[in-house]
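Reviewing the structure listed below.
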Amino acid sequence: MGIRFVLMVNKQGQTRLAQYYEYLTIEERRALEGEIVRKCLARNEQQCSFVEHRNYKIVYRRYASLFFLVGVDNEENELAILEFIHLLVETMDRHFGNVCELDIMFHLEKAHFMLEEMVMNGCIVETSKSNILSPIQLMEKAS
Amino acid sequence: MNPFSSGTRLRDMIRAIRACKTAAEERAVVRKECAAIRAAISENDQDYRHRNLAKLMFIHMLGYPTHFGQMECLKLIASPGFPEKRIGYLGLMLLLDERQEVLMLVTNSIKQDLSHTNQYIVGLALCALGNICSAEMARDLAPEVERLLQFRDPNIRKKAALCSIRIIKKVPDLAENFINAAASLLKEKHHGVLLTGVQLCTDLCKVSTEALEYFRKKCTDGLVKVLKDVANSPYAPEYDVSGITDPFLHIRLLKLLRVLGQGDADASESMNDILAQVATKTESNKNAGNAILYECVSTIMTIEENGGLRVLAVNILGRFLSSRDNNIRYVALNMLMKAITLDSQAVQRHRATILECVKDSDASIRKRALELVYLLVNESNVKSLTKELIDYLEISDPEFKGDLTAKICSIVEKFSPEKIWYIDQMLKVLPQAGNYVKDEVWHALIACEQETLVRVAVWCIGEYGEMLVGNAGMLNQEDPITVTESDAVDVVETAIRRHSSDLTTRSMCLIALLKLSSRFPSCSQRINDIVVHYKESLVLELQQRAIEFNSIIEKHQNIRSALVERMPVLDEATYSGRRAGSVPAAVSTSQGAPLTLPNGVAKPTSAPLVDLLDLSSDDGPALSSSGGDFLQDLLGVDLSPAATQQGGNQAQKSGTDVLLDLLSIGTPPAQSSPSTADMLSSVQDNQSSVDILDKLGSPSGPPPQASPPVGSSPMMDLLDGFGPVSSAPVAENNGPSYPSLVAFESSSLRVTFNFSKQPGNPLTTLVEAQFVNKSPNAFSNFIFQAAVPKFLQLHLDPASSNTLPASGNGSITQKLRLTKQPAREETPCNAHTDRL
């Protein structure tokens, strides 16, 4: 419901982060990622950020070398999801400081933690950056 | 140096994977890592479990199977330290899903963690539960989660709220327990909790009507107030997004209001103010603002009627439509599709803009706009819209063409004011996008009542099949259609198999198939199969043709191509001179269009096929007549001897008669029985050895070697050629005399028919049937029954007596009156006798 998956993919099509909120087998995931990534990467700047795929929509946005793709139900507000993607990026930026693709790659678990604080079971839970980041910062202080 | 030391190792692994140049290399590295991890697991290595799990997650993300790591997750979750638990839960959520049995083992751990003193651990457990719990787990742990909804820490509360959502989705019966708690969540100040609380309420309403009622009554006002507060709140740095405070909360609240207001007038009443305020005051120069406006419009459209608000909403959508940002236009088109059911007038105003969007360069927008246009079509604007769409079809992308064509076809089918217009439009579409026109559309077109069109089309396909396939002779502005040979055969087959095809059409299809079998040798076998199928047809005409054509295809291939050579060109001037009357416009126009074949053709005398039936009429008038009756000849030649006009019989026919001749087998024009006589005579002239039975049934005249119709009894043929059966000479006029005929003779019975025609009534034949009993026994209750083909009408007078004396001592006579009518089908005749 709501959000079905969140993917971060680089320009060559390699997945950098994948979080699914509905169950798919590994083969299905690979196939899905392949299809979607091909579709989105083939689009240019002028085209709109919403792609219809099978029975759901994909909202995507490109930040530098990374594409953020969010698969949502058909009833979801697409503009709100665009905002959400931006919020995610800003949160990561605040934590990592000038976040780039490598940061996400080498600190995958932290990226996951952040995403988990923001989205649960496909719904947006928290939108305040400080609230999101406080448990993570606590954990880092502790370890 | 310990090879399994922490983060560096993960980093190293990632570096190693990144350094791989090929997929095979990557697989090798991953396999090595997996082996190492498996070894560590079996050694029960405590210290670096979580590093291994992190590596496993990375590998999982790349798409490799990692189920051996699942037990590791469990062990990590069970360990006391927070980092271990953290990564354990993360691994749990990534590597497992609700269907795995391993999940059940975690239930106990989660239960303990839910009551943990460390609130972060409680949070972790709630998170995991909220993401992947199964129905059993939900049932087990629901009371815990309920309790946590009132926890002191807002972070826990918000997580508990979302966890509850999953629980009530998995186990809807538990919904009632959560209603009260959810309602109290709505009074929170903390945005996170508010957000999730609203979400919980929304889902409760979806799951349980009781909850819906409760929230409607008690909470609507409260919600409105909350929204007002949020909308009017001062700048809050925490939740601010480009100048608007917490747009996500705005949107969630609007969604809940939508659910509450839908179908309920009171609730909608109370929302009107705040909706108006949000719609007017929200800034729309930033995406966040637009998102809120979009949600607001959506809510307005769903709740109960309020004229003013609706106008406001449609205006906002209009503004969106003219924005340059593709995203905004896309959502506007989306919303308009919903709005159209409520207020189509308002949407019609934006028709021009929407049409522009159909031509947009962005595929998503084009698709949406096309669907919207499809919904906008009504009787008044269908013509202009279709014109625009067809114009666009010419220049559209290939991928889009398919969709566009399908939509155009269905619009045209549903809304066409006249059949003629329908056909015109379809003909315009077909050259452009014939490829994309799906089978159903083809069938629908063929199914339209213009039987004539079908016949013409079928004939054209037969005649000019090779031109169709070779794309020869297309007009300049048309795109080439790639029609394959089997496509052409498909179409003819469709036409022949349709239930509503009448006999004429089917016969024409058979002829077309014969021609195609000669022109398309590759499809010859398939065509033969179709033809063979009709050998068993109960309809005599079809059966006869099928048998003959089959034998031509199988045995007489050397003459086949000569037989089905193309019709020569008709002299248009002569032809139009002969057509005194009006032929329906549709026939002539439709002839022209998609197949772009030469319309008028001038015909020299050397046409092989025609000559076969041209027979004795080589005189001038006959020539011009045959030249003039182009269409007649084309179709008449194929159909029946009746249509070919030879002999002195001039075609003083009105145009409609011409048409009649073309398209109805064997129906003579009203005024001339001479024509029937002619046809017969000409046919007979052809064959010195009058094999009446043979010839009557053979429409296409050709090779004398054609095998006689198998399976058609002489009896049937008689009736087939009813009317002037006998060898009447060429007569200008009525009242030819016909010899009597022994219709049936056996050892016991002889039936004789005497024919006559009344002078003024050429269509009616009087038959006097005479029955003679040859056996030694008398017949009593002798009843003669007759059935006739459909083109005849039978009237039986009562017989002179019912008893037939034996040995020819007497006879029974009975008068029958047969009147000729158009269209025919075969039925056998039977006579019943009763023995003494």
Could you tell me what fraction of 2.2 N^0.38 Å the Cα radius of gyration of the stretch B:233-277 comes to, as a two-decimal ratio? 1.37
Please report B:Met271, B:Met137 as a ranked list, fewest other C-beta atoms within 10 angstrom at the top and most at the bottom. B:Met137, B:Met271
Nearby lysines by direct alpha-carbon distance to B:Lys535 (threshold 30 angstrom, same-chain neighbours under 8 apart not counted): B:Lys515, B:Lys555, B:Lys695, B:Lys790, B:Lys820
Can you list the GluC sites (Glu not before Pro) in the stretch B:199-262 that are in a DSSP coil and have 15 or fewer other beta carbons within 10 angstrom? B:Glu238
Tell me the volume per residue, in Å³, of the convex hull enclosing the alpha carbons of the stretch B:734-796. 94 Å³
Listed highest first by mean packing, meaning other Cβ atoms within 10 Å per residue, what order do A:92-98, B:67-73 come in? B:67-73, A:92-98
Given all pairs of distinct Cα atoms, the stretch B:1-111 yields a Kirkwood Rh in Å of 14.4 Å
Neighbour-count order for B:Cys296, A:Cys100, B:Cys219, fewest beta carbons within 10 angstrom listed first: A:Cys100, B:Cys219, B:Cys296
Classified through the alpha carbon gyration tensor (a ≥ b ≥ c as square roots of its eigenvalues; rounded if a/c is under 1.5, else prolate when a/b is larger than b/c, else oblate), the stretch B:336-401 comes out oblate
Rg/Rh (Cα only; Kirkwood hydrodynamic radius) as it applies to the stretch B:235-369: 0.98
Assigning unit charges at the beta carbon (Lys, Arg +1; Asp, Glu -1) and nothing else, what dipole magnitude in debye, to the nearest 20, does chain A show about its Cα centre? 400 debye
In what sequence do B:Val297, B:Val29, B:Val358 fall when counting other Cβ within 10 Å, fewest first? B:Val29, B:Val358, B:Val297
Residue-averaged beta-carbon neighbours from other chains (10 angstrom radius) around A:108-121: 6
Neighbour net charge for B:Thr302 - beta-carbon separation under 12 angstrom, K R +1, D E -1: -1
Gain upon complete extension [B:Lys790, B:Gln345; 0.36 nm per residue less C-alpha separation]: 154.8 nm
Above 16 angstrom, tally the Cα pairs of the stretch B:167-216 and express them as a % of all pairs, no decimals. 31 percent
Subtracting the Cα-Cα distance of B:Glu768 and B:Arg99 from 0.36 nm times their residue separation yields 232.1 nm
Note on the stretch A:1-135: alpha-carbon gyration tensor, axes a ≥ b ≥ c; rule is a/c under 1.5 for rounded, else prolate if a/b larger than b/c, else oblate; result rounded
Give the Debye-formula value of log10 I(q)/I(0) at each listed q (0.19, 0.28 Å⁻¹), with one equal scatterer per alpha carbon of the stretch B:35-100, two decimals each. -0.64, -1.35
The stretch B:246-323 shape via C-alpha gyration tensor axes, a/c threshold 1.5: oblate
Summing Lys, Arg as +1 and Asp, Glu as -1, what charge do residues with Cβ under 14 Å from the Cβ of B:Phe755 carry, B:Phe755 excluded? +3
P(r) weight above 28 Å for the stretch B:174-318, C-alpha pairs, percent: 15 percent
Compute, for the stretch A:76-116, the length of the dipole vector about the Cα centre, with Cβ point charges of +1 (Lys, Arg) and -1 (Asp, Glu) only. Units Debye, rounded to 20. 180 debye
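All of the numbers you see were taken from the coordinates with simple rules; none came from a lab. From a predicted model like this one, the values you see are computed outputs, not experimental measurements. With ideal geometry, Cβ positions are generated from the backbone for all residues, glycine too; neighbour counts draw on all protein chains shown.
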